[in-house]
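Enquirer: What follows is a single structure, and I will ask about it in a moment.
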Amino acid sequence: PAVLEARAEVEARIQQFMSVDGTRSVESFHRELGHIMWEYCGMERSKEGLIKAIGLIRDLKKEFWSNVKVLGSAESLNQDLEKAGRVADFIELGELMCIDALNRRESCGGHFRGESQTEDGEALRHDDEYAYVAAWEWAGEDSIPVLHKEDLVYTAIEMKQRSYK
């Protein structure tokens, strides 16, 4: 039964892609999403930028599902259809990445949060608040994902504020 259900879901998604018959190519949506991610969820981020990105991605998602043009047919090998599936997933992932980055109000790893820096402009960590691994659970279409945390416990090394000066 689970296989039949999964197959029906895939077939319905394919039918949805093929029935939109919009005016924008899959590639144009992919490029626009990439631009949003680069500008607002890249190496340097800010609260305002991440909030803007989430809104832009949600708008892009609505337009994608109402205006995407998938060329070819669903009955044969169709690279445009394959890419449409990937781009739909990328849109979901991009939104989640922005939500996660917005939730973590610190500079960490290779990412710099504009609001989280020392007086010298160095990345400022908040290990007292963010010493955990985040795993997000999908809560359904148009629902807010659920955050699950697993504490990071270091016994062999000490967490330290880095300085590149």
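Enquirer: With each pseudo-label sitting 7 Å past Cα toward Cβ, what's the L93-R24 distance in nm, one decimal?
Expert: In this crude label model, L93 to R24 measures out at 2.0 nm.
Enquirer: Which residue, L147, M43, W65, has the largest displacement toward the positive end of the dipole of the chain when charges sit on each Cβ (Lys, Arg +1; Asp, Glu -1)?
Expert: So the residue furthest toward the plus end is M43.
Enquirer: I've got another one for you. Helix 2-20 sits at what angle to the longest principal axis of the chain, using alpha carbons and giving 0 to 90 degrees rounded to 10?
Expert: Roughly 80 degrees, rounded to the nearest 10.
Enquirer: Right, here's the next one. In a Gaussian network model over the chain where Cα atoms closer than 10 Å are linked, find which of G55, G121, G34 has the largest mean-square fluctuation.
Expert: Comparing G55, G121, G34 in the GNM, the peak value goes to G121.
Enquirer: Using only the alpha-carbon atoms, what does segment 1-109 span along each of its principal axes? Please give whole angstrom values in decreasing order.
Expert: Cα spread of segment 1-109 along its principal axes, largest to smallest: 48, 36, 21 Å.
Enquirer: If you don't mind, there's one more thing I want to ask. With just the Cα atoms defining each centre, how far is segment 58-95 from segment 23-51? Give it in Å.
Expert: 16
Enquirer: How many lysine pairs in the chain, separated by 8 or more positions in sequence or lying on different chains, have Cα atoms less than 27 Å apart?
Expert: For the chain, the number of qualifying lysine pairs is 15.
Enquirer: Counting only the heavy atoms of the protein chains, how much of D59 is accessible to a 1.4 Å probe, in Å² to the nearest 10?
Expert: 90
Enquirer: Any idea of the accessible area per residue across the chain, 1.4 Å probe, to the nearest Å²?
Expert: Values: 11040 Å² over 165 residues.
That works out to 67 Å² per residue.
Enquirer: Could you give the size of the charge dipole of segment 18-70 about its Cα centre, using +1 on the Cβ of each K and R and -1 on the Cβ of each D and E, expressed in debye and rounded to the nearest 20?
Expert: Computed charge dipole of segment 18-70: roughly 140 debye.
The values are calculated or read from the model by the stated rules, or taken from the named source; none is laboratory data. Given the structure is predicted, the values throughout are model-derived calculations rather than measurements. No Cβ is skipped: glycine too gets one built from the backbone with ideal geometry, and neighbour counts run over all protein chains shown. Remember, those area values only see protein heavy atoms, side chains included, never the ligands or the DNA or RNA. Shrake-Rupley method; radii C 1.70, N 1.55, O 1.52, S 1.80 Å.
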